[in-house]
Amino acid sequence: MEREPGAAGVRRALGRRLEAVLASRSEANAVFDILAVLQSEDQEEIQEAVRTCSRLFGALLERGELFVGQLPSEEMVMTGSRGAARKYKVWMRHRYHSCGNRLGELLGHPSFQVKELALSALMKFVQLEGAHPLEKPKWEGNYLFPRELFKLVVGGLLSPEEDQSLLLSQFREYLDYDDTRYHTMQAAVEAVARVTGQHPEVPPAFWNNTFTLLSAVSLPRQEPTVSSFYVKRTGEASTVWTLLQEHRKAFQTMWLSFLKHKLPLSLYKKVLLITHDAILPQLAQPTLMIDFLTHACDLGGALSLLALNGLFILIHKHNLEYPDFYRKLYGLLDPSVFHVKYRARFFHLADLFLSSSHLPAYLVAAFAKRLARLALTAPPEALLMVLPFICNLLRRHPACRVLVHRPHGPELDADPYDPGEKDPAQSRALESSLWELQALQRHYHPEVSKAASVINQALSVPEVSIAPLLELTAYEIFERDLKKKGSEPVPLEFIPAQGLLGRPGELCAQHFTLS
């Protein structure tokens with residue numbers, strides 16, 4: 001293709017070929033020149049070629065100049081005796097297919113501008129193919145969605161080689177439409193099955209891209225009165241794409257097909273952080289998440305904590321039987337809990353889990369005693385939150401107040417509480433006392449000492465909110481102490497000092513001089 005140097009020259013050359021192809025079928029071979037520029041190494045030339053292809057095949061789709069039906073092989077049609085019009089449509093349909101495949105490859109181009117332009121062109125073709133189907137409908141008015149082309153788009157977005165998070169953020173706008181959302185969920189399931197079947201070890205980039213796409217899918221909370229379709233329909237749409245229940249089933253299949261695989265630990269955390277509010281409420285059968293959540297719970301650490309949040313929702317709202325729930329939560333209480341990244345979230349959730357007044361006294365006593373024992377070595381910023389937490393437990397469960405005041409109790413030579421026992425029911429916490437709080441009344445930090453002294457009086461009825469204390473840091477405590485106005489200076493010597501070495505008659509002034 002003869003062209004002037006530079007992007008402007010390429011634009012004019014492509015424009016001439018575009019006009020020629022659209023003006024006369026005899027100039028159809030100029031399509032090869034346009035498609036050849038899509039293979040260019042120059043970024044600006046590729047962008048011009050993508051724009052030209054979008055205009056070319058968009059016009060051909062609207063004019064009905066592409067073959068409709070099961071696409072035969074190009075060689076068979078060209079050597080056959082069919083009419084020239086049919087040969088032209090089949091040949092141009094193959095060129096359209098080649099263009100779509102190349103645009104799918106360009107979704108992985110190093111330049112984001114090229115990727116964004118390729119995505120826009122492909123989604124334009126999806127919309128036009130829906131309005132002018134290249135498949136024959138099974139019955140008149142049947143709503144046809146271009147699934148194969150859309151699978152190509154989703155497959156390009158879920159690249160196993162590179163991070164596509166920026167391009168996926170551009171794709172989010174299409175997820176507001178019911179049809180693209182539904183088919184995105186279906187295409188994602190197929191993409192996960194294909195990539196996991198092709199790679200013995202799936203690259204982390206694929207899992208991250210898939211999670212980014214899946215987490216962007218959000219269903220309406222209630223049945224919409226008017227469906228929003230990206231692909232304009234000529235007849236009545238299938239009820240599958242309009243019923244919220246069908247979307248819930250597709251949403252459930254999508255997440256379960258993703259979560260059944262072994263994921264990187266960093267991705268486990270991301271999934272668990274959104275499970276309780278973005279995944280479970282939108283599933284058709286939330287209890288199917290039990291296997292994933294119990295497996296995550298067994299991994300320990302922050303993952304166990306985040307998994308317990310999802311399990312608590314299943315127990316509380318969906319009547320799930322999980323007897324080991326509080327045993328798992330009890331097992332998470334160790335000295336590291338005051339130093340982990342999710343400390344604030346942990347105690348927020350622990351406060352929620354232990355909020356029921358119907359919990360047995362031995363269980364609440366075990367948690368109060370374990371926290372009190374851990375408090376002996378906790379930093380001040382954690383103590384200012386843990387001590388009100390323990391007192392709130394005593395307020396909610398009056399039967400546990402024997403831990404701080406047991407009239408006519410037996411004399412104890414040793415603490416009966418067993419800190420090494422994993423089962424709170426066997427820890428004998430209810431036979432013990434919270435002597436640790438009395439020890440903390442002698443803490444070096446005055447605010448901690450004051451918080452621990454609350455048990456010396458009768459506990460007030462209303463609970464103390466720990467929400468403002470969850471994010472408290474040592475830096476904030478230090479800054480707060482610096483801003484306090486101290487009392488009047490305390491005299492340390494009744495005779496004021498004079499001079500650097502004291503008064504002339506003193507011993508230091510007799511033996512030393514400043515010269």
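A few notes on this one:
- Percent accessible area from carbon and sulfur atoms, the range 321-429, protein chains only, probe 1.4 Å: 52 percent
- With N the number of residues in the range 329-433, Rg(Cα) / (2.2 N^0.38 Å) evaluates to 1.04.
- Among 475-486, 311-322, 27-38, the peptide with the highest mean count of other Cβ atoms within 10 Å heads the list, and the full ranking is 27-38, 311-322, 475-486.
- Here the relative contact order of the range 65-222, from alpha carbon pairs under 8 Å that lie six or more residues apart, stands at 20 percent.
- Kirkwood hydrodynamic radius of the chain, from inverse mean 1/r over distinct Cα pairs, in Å: 29.2 Å
- Sorted peptide list for 344-352, 500-508, criterion being average Cβ within 10 angstrom, highest first: 344-352, 500-508
- Dipole of the chain, positive end: most advanced residue of Ser465, Pro200, Ile313 [Cβ charges, Cα centre]: Ile313
- Candidate lysines for bridging to Lys485, where Cα separation is under 20 Å - those fewer than 8 sequence places away on the same chain excluded: Lys450
- Highest-first packing order for the peptide set 195-204, 407-416 is 195-204, 407-416, based on the mean count of other beta carbon atoms within 10 Å.
- Cα-centre dipole for the range 356-488 with unit charges at Cβ (Lys and Arg positive, Asp and Glu negative), debye to 20: 300 debye
- Volume per residue that the Cα convex hull of the range 411-456 spans, once the total is divided by residue count, Å³: 111 Å³
- Per residue value of the accessible surface for the range 356-488 (all protein chains in place, 1.4 Å probe), Å²: 57 Å²
- The chain - percent relative contact order, Cα under 8 Å, separation 6 or more: 8 percent
- For the pair the range 348-424 and the range 88-159, the centres of their Cα atoms are 62 angstrom apart.
- Between helix 244-259 and the chain there is an angle of about 70 degrees, using the helix long axis and the longest principal axis of the Cα atoms.
- Checked against a 22 Å cut-off, the cross-linked pairs Lys317/Lys341; Lys249/Lys317; Lys151/Lys232; Lys115/Lys136 give Cα-Cα distances beyond that limit for Lys317/Lys341; Lys115/Lys136.
- The range 356-488: relative contact order in percent, alpha carbon pairs under 8 Å with at least 6 residues between: 32 percent
- In summary, the convex hull built on the alpha carbon positions of the range 356-488 has an orientation-averaged projected area of 10.0 nm².
- Crossing angle, helix 204-216 versus the chain [Cα axis fit, 0-90 degrees, rounded to tens]: 90 degrees
- Taken along the Cα-to-beta-carbon direction at a fixed 7 Å, the label points for Lys249 and Ser227 span 1.4 nm.
The values are calculated or read from the model by the stated rules, or taken from the named source; none is laboratory data. As the structure is a prediction and not an experimental result, all values here were calculated from the model. A quick note on method: Cβ atoms are made from the backbone with ideal geometry, for glycine too, and the neighbour counts reach across all protein chains shown. Areas reflect the complete protein model, heavy atoms only, side chains present, ligands, DNA and RNA absent. Shrake-Rupley method; radii C 1.70, N 1.55, O 1.52, S 1.80 Å.
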